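The values are calculated or read from the model by the stated rules, or taken from the named source; none is laboratory data. Keep in mind that what you see is a predicted model, and the values were worked out from it rather than measured. Virtual Cβ from ideal backbone geometry, glycine too; neighbours counted across all protein chains shown. The accessibility values were calculated without ligands, DNA or RNA, using every heavy atom of the protein model including side chains. Shrake-Rupley method; radii C 1.70, N 1.55, O 1.52, S 1.80 Å.
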Amino acid sequence: MVDISTTVFPLIPLRDVVVYPKMVTPLFVSRQRSIAALEQSLMRDDRLVVLVAQKDPETEDPKVDDMYQIGTLAEVMQMLKLPDGTVKVLVEGSMRVMVSEFGEVPEHFTAKVTELPETIEDDEATRTLIKITVDKFEQYVKSTKKINPESLLAVSGIGQPGSLADIIATYLGLSLAERQHALEVQDSTERLEYIGQLLSRELELADLEQQIHDRVRFNLEKTQREYYLREKLRIIQEELSSDG
C-alpha cells in the first residue's frame, strides 16, 4: 500500500456526489481538469485519486475554498470515454481522508492527504443498533418501492456499523450536506445513529406520501363512482320519459 503521508494525488471536485469507502460508485466526468486528473491516476501504479464534493454543485470552475476538506481516496477501476466527450468512470472508495494541502498543476488539482481512521465499537448496544437499522431499512425498501429489494441482501450481511451507515447513505435521498456530514463522522456507531435518524425521517415521509396517494386515489374513485351513478340515473330517466 502506498504511503499516503508522502504522496501527492490527483484530485477531482465532484458535483452533488459523495463517495464512501468500500462503495463502488459510477461517476460521469465532463470538465477537462477532472478528466486530466483521472488520466493521471491511471498512470499511477495504485490508480488512486482524491474525490471531494463541491460545496455548491452549480459552481462551474471551483477553487479550493469551494471544496470540502474531507473526502475519499478512491481507486479508479474502469474508465470509458463517451462520444460526447464525457467520461464514465467506476471508482471504489478506499478510505476517508482529510486534505492537508490543496495544490494545482496546469492540468488538474492535486492534494496531500491524511487518513481519517474510524472508531469502531463492538458491544451489545452497537449490535442492537445494527439490527434496528437493518429492520428499519427493510421497512423503507418495502414502503417506497424505489430501491431494488436485492439491496436488502447487501445491507443485511453487514455487521460493521460504519460500513452499514455508508451503504444505507448511498440509497437514501439525502441532501449533499447530509451525505457530506455522514462522510465526516469518524465514530462508526455515531455515524450509524445519524443515518438511523435520517432513515426514520425518510420513513415518515414515505408513509405520508402513501397516505396522500391513497386519499387522492379514494377521492378519484369516489368521483368516478358518482359520475357512473349520475350517468346511469340519467339514462334510466331518459328511457322512462321515452316510454311515457
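Side notes on the structure shown:
- Pairs of C-alpha atoms in the chain farther apart than 28 Å represent 46 percent of all such pairs.
- Charge dipole (the chain, unit charges on Cβ, about Cα centre) - positive-most of Ala125, Ser241, Gln160: Ser241
- Largest first, the three principal axis extents of the alpha carbons in segment 137-244 are 86, 27, 16 Å in whole numbers.
- Once the Cα atoms are used to define both axes, helix 32-42 deviates from the longest principal axis of the chain by about 60 degrees.
- When the alpha-carbon atoms of segment 28-152 are used, the pair Rg, Dmax equals 18.5, 53 angstrom.
- Rel. contact order, % - alpha carbon contacts under 8 angstrom, at least six apart, segment 93-191: 27 percent
- Phi to ³J(HN,Hα) by Karplus 6.51 cos²θ - 1.76 cosθ + 1.60 over segment 69-76, Hz, x for Gly, Pro: 7, 9, x, 9, 7, 9, 9, 7
- For the pair segment 205-229 / segment 6-43, the C-alpha centres are spaced 46 Å from each other.
- Relative packing of 36-45, 148-157, which averages over residues the other C-beta atoms within 10 Å, highest first: 36-45, 148-157
- What a 1.4 Å probe finds exposed on segment 1-121 is 51% carbon and sulfur by accessible area, rounded to a whole percent.
- Lysine pairs within segment 76-206, Cα separation less than 27 Å, 8 or more sequence positions apart or different chains: 7
- Per residue, segment 36-91 exposes 52 Å² of solvent-accessible protein surface, assessed with a 1.4 angstrom probe and all protein chains in place.
- Against the chain, whose longest principal axis is taken from its Cα atoms, helix 161-171 shows a tilt of about 50°.
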